[in-house]
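Notes for the one structure printed next.
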Amino acid sequence: MGKLRRKESDRLSYHHLMSRTVNGEALFGDREREVLRKMIWQVAEFSGVRVVTYAVMKNHFHILVEVPPAGTEVSDAELVRRYRKLYPKPTPWNPMPAEVLEGHLKDNFLDGRELRKELTRRMHDVSEFMRTLKLRFTLWFNRSRDRFGPLWSARFKSVLVEGDRWALRTVAAYIDLNAVRAGLVSDPKDYRFCGYAEALGGGRLARAGLSVVDKDLAGYRQTLYGAGDGEKDGKESISHEEAVRVLQEEKGKLPLSVVLRCRVRYFSDGMVLGSEDFVNKFLEDEPEGKRARRPRPLRGSDWKGLSVGTGLRKGLFG
């Protein structure tokens, strides 16, 4: 959903966000993925959201973010700091230096009040976060390629995730395993464009983000790999094709660490994901007939009670 309807809440909210290039074209090499990785952190700091983890791929990206409640106050000093983070120097599309903004806010005349209102509007909002991120990257990408026109598919997907550690940990693991599913690496620690690898490499913000799901990266690794840190001696791991066959044709169950290595559309098409009570409370506010009216338990593994807010689809695993 491109424009996420925000519910009034006095709590933090969590969202799995995903966007794909036009026609799914694999346009991003190492340089492009590195620029987008840096922009994610830059725009997140401006927007006042916390990146829990992320994965930047050749034709799409995933981000799990923690968003403060709507209406959270931001001081003028913090507004200037965030503005300077996003606009360290004037640009043709944003020529006002941070020092000028600071003066307007201090004077508190009409210009200052309007600037404060506009900047505050862009804070703590996943739609504004994604709009800013995708626009900035598009401008950079098109200039670097002497290109024009849209880069991204029109809409981004957003799934509301319960702020429960297990729900967040499961979604985070699914995101960090993107490169493993794509066959680019066998271990997410070796993929430099994901939150887990950046955290292991000493990235302060990446470590702080994953601390939301597990304060110990070794514990989080158990979600990525199951009960241990990797494959057990003398045991052959199941192939991706066999895993999909068991899930789709036999309607069977597999260990969670195996299922997370398949494409699971719960995480991109689920609208809302969490405990049955959490999903049900969300669905109570949805218009009758527009969406499924009851939580659907996740299938294919032991998800420890997780449910999703839309009906199950064919080809759910891939």
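The values are calculated or read from the model by the stated rules, or taken from the named source; none is laboratory data. What you see is a predicted model, and the numbers here were worked out from it, not measured in a lab. Using ideal geometry, Cβ is built from the backbone for each residue, glycine included, and neighbour counts are taken over all protein chains shown. To get the accessible areas, we keep the full protein, side chains included, count just its heavy atoms, and leave off ligands, DNA and RNA. Shrake-Rupley method; radii C 1.70, N 1.55, O 1.52, S 1.80 Å.
With +1 on the Cβ of every Lys and Arg and -1 on the Cβ of every Asp and Glu, and nothing else charged, how large is the dipole of the chain about its Cα centre, in debye rounded to the nearest 20? Numbers along the way, then the final one.
Details: 58 positive and 44 negative charges, 142 e Å.
Dipole magnitude for the chain comes out near 680 debye.
What 222 nm value per residue comes from the helices of the chain, counting each DSSP H run with n ≥ 4 as -39,500 (n - 2.57) and dividing by all residues, nearest 500 deg cm²/dmol? Before the final figure, lay out the partial values.
Values: 14 runs with 135 residues, N = 318.
Value at 222 nm, helices only, nearest 500: -12500 deg cm²/dmol.
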Cα shape, region 133-211, gyration tensor, a/c 1.5 rule: prolate
Simple spin-label estimate for Glu249 and Lys215 in nanometres, 7 Å along Cα-Cβ: 4.7
With every protein chain in place, the chain: carbon and sulfur % of accessible area (1.4 Å): 50
Residues whose placed amide H lies under 5 Å from that of Thr53, excluding near-sequence neighbours: Leu64
Estimated FRET transfer efficiency when R0 is 35 angstrom, pair Thr138-Asp190 (beta carbons, to 0.05): 0.75
Residues Arg131 and Asp302, FRET efficiency given R0 of 45 Å [Cβ-Cβ distance, rounded to 0.05]: 0.75
R0 of 25 Å, Cβ-Cβ distance Asp285-Val74: FRET efficiency to nearest 0.05: 0.35
Candidates Asn108, Asn94, Asn178: whichever shows maximal mean-square fluctuation once the chain is modelled as a Gaussian network with Cα springs under 10 Å: Asn94
Per-residue ³J(HN,Hα) for region 17-34, Karplus 6.51 cos²θ - 1.76 cosθ + 1.60, θ = phi - 60°, Hz, x for Gly and Pro: 10, 8, 9, 10, 5, 4, 6, x, 5, 7, 9, 9, x, 4, 4, 5, 5, 5
Sequence-distant residues sharing a close amide H with Ser211 (under 5 Å, placed H): none
Among Leu306, Leu260, Leu101: highest mean-square fluctuation, GNM of the chain, C-alpha pairs under 10 Å: Leu101
HN-Hα J in Hz across region 36-41 - Karplus 6.51, -1.76, 1.60, θ = phi - 60°, x for Gly and Pro: 5, 4, 5, 5, 4, 5
Listed residues Thr138, Thr72, Thr53, most fluctuating in the chain (Gaussian network, C-alpha, under 10 Å): Thr72
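Just check region 110-173 against the gyration tensor rule for me: Cα atoms, a ≥ b ≥ c as the square roots of the eigenvalues, rounded for a/c under 1.5, and otherwise prolate or oblate depending on whether a/b exceeds b/c. Present the calculation step by step, with values, prior to reporting the outcome.
Working: a/c = 3.06, a/b = 1.18, b/c = 2.61.
It is oblate, given that a/c is not under 1.5 and a/b is not larger than b/c.
For region 237-317, what is the Kirkwood estimate of the hydrodynamic radius, computed as the reciprocal of the mean inverse distance between distinct Cα atoms, to one decimal in Å? Walk me through the numbers before you get to the answer.
Details: mean 1/r = 0.0754 Å⁻¹.
13.3 Å is the Kirkwood radius here.
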Debye-sum result for the chain in log10 I(q)/I(0), which assumes one identical scatterer on each alpha carbon, at q = 0.13 Å⁻¹: -1.00
Contour minus Cα-Cα distance for Ile238 and Arg84 (0.36 nm per residue): 50.5 nm
Among Gly270, Phe317, Pro295 the positive-end extreme of the charge dipole of region 237-317 (Cβ point charges): Phe317
Distant-in-sequence amide H partners of Met96 (H built 1.01 Å from N, under 5 Å): Thr91
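Compute the Cα gyration tensor for region 1-154, then decide on rounded, prolate or oblate, letting a ≥ b ≥ c be the square roots of its eigenvalues: rounded whenever a/c is under 1.5, prolate when a/b is larger than b/c in the other cases, and oblate in all that remain.
Values: a/c = 2.21, a/b = 1.36, b/c = 1.63.
Oblate, because a/c is 1.5 or more while a/b does not exceed b/c.
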Between region 76-155 and region 24-63, the Cα center-to-center distance that results, in Å: 17
Coil-residue trypsin sites (Lys or Arg not before Pro) of region 97-151, DSSP, other Cβ within 10 Å capped at 11: Arg147
Nitroxide proxy distance, nm - points 7 Å out along Cα→Cβ at Gln42 and Asn108: 3.3
Phi to ³J(HN,Hα) by Karplus 6.51 cos²θ - 1.76 cosθ + 1.60 over region 69-76, Hz, x for Gly, Pro: x, 4, x, 4, 6, 10, 5, 4
